[in-house]
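The values are calculated or read from the model by the stated rules, or taken from the named source; none is laboratory data. Computed from a predicted structure; not experimentally measured. Note that we place each Cβ from the backbone using ideal geometry, even for glycine, and neighbour counts take in every protein chain shown. SASA here: full protein model, heavy atoms, side chains in, ligands and nucleic acids out. Shrake-Rupley method; radii C 1.70, N 1.55, O 1.52, S 1.80 Å.
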Amino acid sequence: MKIVAAALHEVRLPLVHAFQTSSHRKDHLDHILVELTDAEGRTGWGEMASPADPFYCPDTTDIDWYVAWKYLVPRLLETEWETPAEAESCWAKIRGYGFAKAGVVGALWDLFAQAQGVSMSHALGGERETVKCGVSLGIEPTIDRLLEQVQKQVDAGYHRVKLKIAPGWDVEPVRAVRAAFPDHDVHVDANGAYPGTEEAFTQLAKLDPFHLTMIEQPFAPRNFVAHAEFQSRIETPVCLDESVVDLDDLETMLHLHAGRILNIKVSRMGGLTNAKRAHDRAQGAGIPVWCGGMHEFGVGRAANLALSSLAGFSLPSDVSGSDKYYARDVITPPVVAVDGWVRVPTAPGLGFAIDREWITQNTLRSATDRTEDAATLHRL
Ligand code: OSB
Ligand code: MG
């Protein structure tokens, strides 16, 4: 296959409910949509769910725009490929910028699946027809407000509720949520906000009696040693998120026993190809995985859904309905969760139509690059 044109569209959507983590607060998001056209005139879509600021990871929207425009797109336009993995080899020498790569890789998988006339889930080797979903709740101003949010999501049928924690906002909110929801699947995520010290170990170990499903990323991303030490002292499984940005990190995690659960984010792993490889490796090692989200618009959400259909995704994914975050999504119909379950589309490719009108209305900037071959394509 050959890509003859590539467009980047930076799109801003407002969030229906502001989201606060240990590091920042957001009421809208700017994601870059990637539109690739192949020599047969098919279009594939992907999404760079890069955060605006480098708090979760070093990638940001502006940096990823630059990297995609300067390095990824020009190389891709010169590459003949049969599989997404082959196409990705054109940037084998480019280190990092997983979120930028993930956006382009998503569009490659969409095209690859369309060319074969199968769904993205099928192309990836997915088996599930429906995906079990959970939600992630930000830090709320008060415990009462948090309990209201949890109640709302439990009523909506979501199977797991994840609470963001930070120093000063940990044991008390968890105690309150546990008292109100004694049997619900609840877990916490610190986004690496705790230092790897004895004091922090002692504080976080106070969460052990609340039978949480996991404690996600308590310490800094590179601090595998603190995660391993803390895991050896508590019953609750530790889950890694920010620490694992490639397959080598996953080997480090397994080797050091730095956690018993892996959060696989498509963006953080550099795209669907590596996310699938991480799934396969974790499955072989007996590590349960789940698909984490980055508040994706519909294009990225559809990729998360396809990935979550793989057999090893045994824990609820962050694939909530589009309506949890956006009043109108960039795909039609939007992703819909019914009693906490989302159906995996069976139509070829992404399985959702692109709402171009909504994308155009909300675009902050666009750019297109094309090969000479594109001139032969009537529709360009
Ligand atoms: O740690 O999972 C995280 C959003 C931004 C940065 C980090 C995280 C998150 C989420 C998003 O929790 C959850 C979702 O997309 O549903
Ligand atoms: Mg996380």
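Below is a table of values for the structure above.
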| item | result |
| --- | --- |
| Failed item in (1) crowded, with 20+ Cβ neighbours inside 10 Å; (2) out of contact with any His (no Cβ under 6 Å at 6 or more places or on another chain); (3) closer than 27 Å to residue 325 by Cβ; (4) among the hydrophobic types (A, V, I, L, M, F, W, C), with residue 73 passing the rest | (3) |
| Residues located in region 260-305, provided they are more than 14 Å from ligand 1 (Cβ to nearest atom), open to solvent by less than 20 Å² (accessible area, probe 1.4 Å) and either polar (S, T, N, Q) or in a loop (DSSP other than H, G, I, E, B) (or both) | 270, 271, 273 |
| Matching entry among 310, 250 (being modelled with pLDDT of 95 or more, open to solvent by less than 10 Å² (accessible area, probe 1.4 Å), within 16 Å of ligand 2 (Cβ to nearest atom) and not acidic (Asp, Glu)) | 250 |
| Selection within region 332-375 - at positive phi and open to solvent by 90 Å² or more (accessible area, probe 1.4 Å) | 339 |
| Strands (runs of 3 or more DSSP E) fully within region 126-214 counting 3 or more residues that are within 29 Å of residue 224 (Cβ to Cβ) | 135-137, 160-164, 185-189 |
| All positions within region 92-127 that are surrounded by fewer than 24 Cβ atoms within 10 Å (Cβ to Cβ) and of a type in the set (Lys, Arg) | 93, 95 |
| Count of region 5-51 residues which are small (Gly, Ala, Ser), open to solvent by less than 50 Å² (accessible area, probe 1.4 Å) and more than 28 Å from residue 83 (Cβ to Cβ) | 2 |
| Yes/no for residue 278 being in contact with a Ser or Thr (Cβ under 9 Å, 6 or more places away or on another chain) and of a type in the set (Gly, Ala, Ser) | no |
| Odd one out for residue 323, checked against (1) within 13 Å of ligand 1 (Cβ to nearest atom); (2) farther than 22 Å from residue 84 by Cα; (3) in a loop (DSSP other than H, G, I, E, B) | (3) |
| Residues of region 306-320 satisfying the condition of being touching a strand residue (DSSP E or B) at 6+ places or on another chain (Cβ under 9 Å), assigned to a loop (DSSP other than H, G, I, E, B) and more than 13 Å from ligand 1 (Cβ to nearest atom) | 309, 310, 312, 313, 314, 315 |
| Test result for residue 215, more than 16 Å from ligand 2 (Cβ to nearest atom) and modelled with pLDDT of 95 or more | no |
| When residues of region 219-242 are limited to those that are in a loop (DSSP other than H, G, I, E, B) and open to solvent by 20 Å² or more (accessible area, probe 1.4 Å), the one nearest to ligand 1 (Cβ to nearest atom) | 221 |
| Any hit, region 19-32, residues being over 19 Å from residue 303 (Cβ atoms) and either more than 16 Å from ligand 1 (Cβ to nearest atom) or at pLDDT 95 or above (or both) | yes |
| Qualifying residue in region 155-168 (condition: open to solvent by 60 Å² or more (accessible area, probe 1.4 Å) and under 23 Å from residue 340 (Cα atoms)) | yes |
| In region 218-245, the residues that are in contact with a helix residue (DSSP H, G or I) (Cβ under 7 Å, 6 or more places away or on another chain) and within 14 Å of ligand 2 (Cβ to nearest atom) | 218, 219, 238, 240, 243, 244, 245 |
| Residue, most open to solvent (accessible area, probe 1.4 Å), within region 194-218, restricted to residues that are within 16 Å of ligand 1 (Cβ to nearest atom) and more than 11 Å from residue 234 (Cα to Cα) | 213 |
